[in-house]
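The values are calculated or read from the model by the stated rules, or taken from the named source; none is laboratory data. Just so it is clear, the model here is predicted, and its values are computed rather than measured. Cβ atoms come from the backbone with ideal geometry, glycine included; neighbour counts cover every protein chain shown. Note: accessible area is taken over every heavy atom of the protein model, side chains too, but ligands, DNA and RNA are not part of it. Shrake-Rupley method; radii C 1.70, N 1.55, O 1.52, S 1.80 Å.
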Amino acid sequence: MEPRVPIGMRRSRRAKLLAKQQQLSKDRLSRRIGETLKVMIDGPVADHGRGGPARWAARSAGSAWEVDGGVVVEGDHLVPGQLATVRVTGAAAYDLFARVERPADAGLNILNS
C-alpha cells in the first residue's frame with residue numbers, strides 16, 4: 001500500500017502493540033495465582049547464581065513448549081517427566097510461577113516407565 005509507513009513509525013507501533021499484549025497476558029495469568037495445577041516437569045532451570053530452592057521448567061496439560069508459556073516450579077527432588085501438583089504463586093507476561101504442593105504420582109517418571 002502506498003504511501004509506505006516509515007520504518008521508525010512501524011517499529012514504534014509494533015513495540016506499543018507488543019507491550020500492550022504483554023500486559024494483557026500478564027493480567028490474564030495473574031488471575032490464576034492461588035490455583036492448583038497438575039504439571040509435568042521438563043527439566044531444571046539455570047539458577048544463574050541465585051541460590052534458594054531448585055527451579056524447574058514445567059508445563060500443564062495442553063501446553064506445548066515451543067509456543068505456549070510455561071510454569072517455573074520451585075521444588076526439590078523432582079525429575080524430568082514427573083507429574084506434580086503445584087500452587088501458582090506468581091505470573092509474568094507469558095509464564096506462571098509455582099511451588100510444589102506434592103508429587104502427583106510420587107516416584108512416577110513417565111519417561112522411564
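For this structure, a couple of remarks:
- Value of [θ]222 nm, deg cm²/dmol, for the chain, DSSP H segments ≥ 4, -39500 (n - 2.57) each, nearest 500: -7500 deg cm²/dmol
- Gaussian network model of the chain, springs between alpha carbon atoms under 10 Å - residue of Glu101, Glu35, Glu66 with greatest fluctuation: Glu66
- Eligible lysines near Lys38 by straight Cα distance, threshold 27 Å, same-chain separation 8 or greater: Lys26
- Computed with a 1.4 Å probe over protein heavy atoms only, the accessible surface of segment 30-102 comes to 57 Å² per residue.
- Of Leu96, Gln22, Val67, farthest towards positive along the dipole that unit charges on Lys, Arg, Asp, Glu beta carbons give the chain: Gln22
- Residue among Gly34, Gly70, Gly90 with the largest mean-square fluctuation in a Gaussian network model of the chain, springs linking Cα atoms under 10 Å: Gly34
- Ranked by the mean number of other Cβ atoms within 10 Å of their residues, highest first, the peptides 8-17, 22-31, 75-84 fall in the order 75-84, 22-31, 8-17.
- Global form of the chain, assessed from the alpha-carbon gyration tensor, a/c cut-off 1.5: prolate
- Only the Cβ atoms of Lys and Arg (+1) and of Asp and Glu (-1) were treated as charged; on that basis the dipole of the chain about its Cα centre amounts to roughly 800 debye.
- Between 0 and 90°, nearest 10: helix 7-30 axis offset from the chain longest Cα axis: 30 degrees
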